[in-house]
Amino acid sequence: MLHQPDRLSARPWPLLPAFALALAVTLLACSERRSQPHATAPDAATETTRKDDGPSFVSALRQRVADPSSPQAVRRLYAERSPLWLDVRSRPGPQAEAALALLRAAHTEGLDPAVYRADALALQARQIATERPDDAVLADFEFELSQAVLRYLRHLHAGRVQPKAVGFRVPARDEATDIADVLRVALRQGRLADAVEALQPKLAQYPLLRGELARYRSLAAQPALQEPLPGTDSVRPGDSYPALAALHARLVAYGDLPPSAAVPAERYDGEIVEGVKRFQARHGLEADGVLGRSTQSALNVPPQQRVRQIELAMERLRWLPELGRQPFIGINIPMYRLWASDAASSGPVAAATMNVVVGKALDTQTPVMMEEMRYLIFRPYWNVPRSIVLGEILPKLQQDPAYLDKQQMEIVDGPGDDAKPVATTPKSLEALTEGKLRLRQRPGTHNSLGLVKFIFPNDEAVYLHGTTAQGLFDRIRRDFSHGCVRVEDPVALAQWVLKDQPEWTREKVVGAMQGQANSVRVDLKRPVQVLLFYVTAVVMPEDGRMHFAADIYKHDARLERALAQRAPG
């Protein structure tokens with residue numbers, strides 16, 4: 001404090017004229033205000049802090065935040081200042097308006113605004129803006145809005161359901177990410193959108209699905225697309241079909257037929273057949289242009305059901321950790337398709353793509369998992385799983401004692417490729433049945449694994465491999481394996497996997513596969529991420545269009561139940 005009061009007090013106050021005394025007091029007061037360190041115009045945080053000197057809503061808010069039952073994320077969010085959403089007049093500020101708009105638009109991300117109480121909070125904000133609520137109401141709104149935004153950001157970042165809860169063996173999103181810290185920084189800078197951008201999935205597929213979600217929501221709002229086309233027997237090109245106009249309109253709405261395409265007068269023929277073929281290809285059907293039962297059923301699926309498939313796909317994409325820039329192989333199980341890319345986040349264009357065969361839906365499903373491919377083996381042995389030995393091989397051997405020789409299989413003692421063969425005798429068969437010995441198939445063109453297998457060590461003993469049954473790739477539904485994944489073009493995949501090892505030219509790869517040597521292991525200099533995943537809605541890299549698949553393993557149904565049972569938090 002300045003010493004002016006002492007000097008003034010030494011003067012003869014009564015001798016000063018009245019106006020001079022008033023002037024001196026005024027100057028002294030101004031001098032004292034200038035000497036205060038916080039005498040500038042208060043900002044929102046300062047004003048709110050001053051209010052806390054008395055029984056204001058900030059006191060009520062801080063008491064609620066400090067309550068042991070409050071979520072840790074909310075406590076961290078308010079570690080530096082409070083409030084965050086109400087301005088100096090205790091009214092919802094611009095940040096609150098932005099937050100409420102974000103929650104109301106949660107459906108654009110495939111999330112449910114009701115989970116975040118979007119409507120209730122918006123109504124409460126309007127009441128606060130027009131009325132004079134008490135401190136408890138203000139504190140409740142501030143606290144609940146913070147909790148809702150944190151919940152929304154957490155769901156956007158990592159999904160509402162834990163993948164393990166529905167049997168998906170993929171690592172959880174980075175739990176070290178401090179959602180509260182990300183939000184706090186964004187609010188400090190007045191840019192809530194920065195938090196959304198930082199936390200939403202970075203996979204190239206995610207924004208593509210978000211765009212298709214909006215498109216299919218608009219389709220779901222068209223009454224004509226809710227009405228089923230009339231059922232009929234199989235309709236082939238050239239046949240008469242009474243619902244040509246409705247079929248034409250539906251194909252145009254879905255983008256499978258240009259609006260300029262003519263509506264046939266009577267016969268199912270011309271451009272509309274090509275539109276049906278495009279629709280069939282996008283829905284995992286035989287693209288033959290025939291309006292059979294499966295095609296008619298797919299045409300009659302309500303757009304709202306497709307909306308839900310896209311939402312479920314987006315939920316699963318939120319489960320995935322950041323995949324980074326290393327080489328990546330993705331396999332979508334229900335679409336029987338493999339994509340190889342130089343980097344998972346590089347964009348929708350794949351370096352290689354091919355059909356695959358996956359595990360049988362009923363009993364040998366291919367598991368969902370994420371691992372690193374570390375090596376491949378040319379001309380591999382097939383170590384026959386015990387379940388196949390007991391369930392398939394031994395029954396066949398009882399019918400045909402020469403079965404093992406015909407299949408170039410041998411009983412061996414010990415692990416690894418160096419295990420010694422054992423003669424096929426009643427005693428060795430008994431030991432094989434008891435699991436004391438094992439069965440393998442020798443390398444070669446007859447081997448069930450084909451001429452190469454790709455190893456990403458995992459607890460399920462699942463891997464990628466070639467196959468002798470190439471005809472299976474021509475089928476539309478391709479769940480025939482015992483759990484491993486058969487690839488259509490193993491030469492191309494091996495060449496891509498070994499692209500960082502230039503000595504492995506295509507000629508050398510083919511030579512290693514077709515040579516006479518036994519198994520050859522090649523370690524990768526750079527591991528490749530492998531993701532065996534499951535989504536029934538994908539924007540295909542090949543054509544950039546929305547594709548849907550049947551829920552062959554019922555994972556969509558399982559996720560639906562998990563979401564329905566999950567509490568809002």
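Quick note: the coordinates plus some simple rules give every number you see, no bench work behind them. Small disclaimer: the values here were computed from a predicted structure and weren't measured. Reconstructed Cβ throughout: ideal geometry from the backbone, glycine too, with neighbour counts over all protein chains shown.
The angle between the Cα long axis of helix 303-319 and the longest principal axis of the Cα atoms of the chain comes to about 80 degrees, rounded to the nearest 10.
Between the helical axis of 205-220 and the longest alpha-carbon principal axis of the chain there is an angle of about 90 degrees. Please give every one of the aspartates and glutamates within straight-line cross-link reach of residue 499, meaning a C-alpha to C-alpha distance under 14 Å, and leave out same-chain neighbours fewer than 8 residues apart. Qualifying aspartates and glutamates at Cα under 14 Å: 342, 507, 523.
Between residue 218 and residue 558, the modelled label-to-label distance comes to 3.6 nm, taking each label 7 Å out from Cα in the direction of the beta carbon. Taking 0.36 nm per residue of sequence separation and removing the Cα-Cα distance, the residue 79/residue 386 pair yields an extension gain of 104.8 nm.
In region 182-248, the convex hull through the Cα atoms has an average projected area of 8.0 nm², a quarter of its surface area.
Building the convex hull from the alpha-carbon atoms of region 482-530 and averaging its projection over directions returns 4.4 nm². Take the Cβ atoms of residue 112 and residue 543, set R0 to 30 Å, and the FRET efficiency comes out at 0.45. When you work out D = kT/(6 pi eta Rh) for region 186-339 at 20 °C and 1.002 mPa s, using the Kirkwood radius from C-alpha pairs as Rh and the Stokes-Einstein form, the result is 119 µm²/s. A simple charge model with +1 on the Cβ of Lys and Arg, -1 on the Cβ of Asp and Glu and nothing else charged puts the dipole of region 496-561 at about 200 debye relative to its Cα centre.
With contacts taken as Cα pairs under 8 Å and at least 6 residues apart, region 424-550 reaches a relative contact order of 15 percent. Against the chain, whose longest principal axis is taken from its Cα atoms, helix 179-188 shows a tilt of about 40°. Three principal axis extents of region 275-425 based on alpha-carbon atoms, in descending order, are 61, 43, 24 Å. Taken about its Cα centre, the chain carries a charge dipole of about 660 debye when Lys and Arg each add +1 at the Cβ and Asp and Glu each add -1 at the Cβ. Loop-resident GluC sites (Glu not before Pro) (DSSP state other than H, G, I, E or B) in region 225-304 with no more than 13 further Cβ atoms inside 10 Å of their Cβ: 266. For region 306-383, GluC sites (Glu not before Pro) meeting the loop criterion (DSSP other than H, G, I, E, B) and having at most 13 other Cβ atoms within 10 Å: 322.
Per the Debye calculation on region 451-495 with a single equal scatterer at every Cα and no solvent contribution, log₁₀ I(q)/I(0) for q = 0.19, 0.20, 0.28, 0.30 Å⁻¹ amounts to -0.62, -0.68, -1.11, -1.18. Taking 0.36 nm per residue of separation and subtracting the current Cα-Cα distance, fully stretching the chain between residue 67 and residue 514 would add 153.9 nm. Taking amide H positions as modeled 1.01 Å from N, with prolines and chain starts lacking one, the residues under 5 Å from residue 368 and 5 or more places away or on another chain are 169. Let me know the whole percent of all Cα-Cα pairs from region 229-299 that are separated by more than 20 Å. Tail of P(r) above 20 Å: 15 percent of Cα pairs. Residues whose amide H comes within less than 5 Å of that of residue 452, counting only those at least five positions distant or on another chain, are 379, 466 (H built at 1.01 Å from N in the peptide plane). By the Cα gyration tensor, the chain has an equivalent ellipsoid whose semi-axes, rounded to whole angstrom, run 65, 34, 21 from largest to smallest.
Volume per residue for region 45-199 equals 116 cubic angstrom (convex hull of Cα atoms). Both radii come from the Cα set of region 445-554: Rg as radius of gyration, Rh as Kirkwood radius; their ratio Rg/Rh reads 0.98.
Between residue 286 and residue 501, the contour length at 0.36 nm per residue exceeds the alpha carbon distance by 73.5 nm. Give me the base-10 log of I(q)/I(0) for region 323-565 at each q in 0.08, 0.09, 0.11, 0.16 Å⁻¹, Debye formula, one uniform scatterer per Cα, rounded to two decimals. Evaluating at q = 0.08, 0.09, 0.11, 0.16 Å⁻¹ gives log10 I(q)/I(0) of -0.34, -0.43, -0.63, -1.22.
Region 350-372 and region 162-198 have their alpha-carbon centroids 29 Å apart.
Over all pairs of different C-alpha atoms in region 149-272, the reciprocal of the mean inverse distance, the Kirkwood hydrodynamic radius, equals 19.0 Å. Summarised as an ellipsoid, region 148-204 has semi-axes of 24, 11, 9 Å, derived from the eigenvalues of the Cα gyration tensor scaled by 5 and square-rooted, with the largest first.
Taking 19 Å as the straight-line reach from the Cα of residue 420, the aspartates and glutamates in range (excluding those fewer than 8 positions away in the same chain) are 405, 410, 430, 434. Placing R0 at 45 angstrom, the Cβ-Cβ distance between residue 446 and residue 232 gives a FRET efficiency of 0.40 after rounding to 0.05. Where only DSSP H runs of four or more residues are counted, the chain gives -12000 deg cm²/dmol as its mean residue ellipticity at 222 nm, each run worth -39500 (n - 2.57). Compute the FRET efficiency between residue 458 and residue 271 as 1/(1 + (r/R0)^6), taking r as their Cβ-Cβ distance and R0 = 51 Å, and round to the nearest 0.05. In this case the efficiency is close to 0.60.
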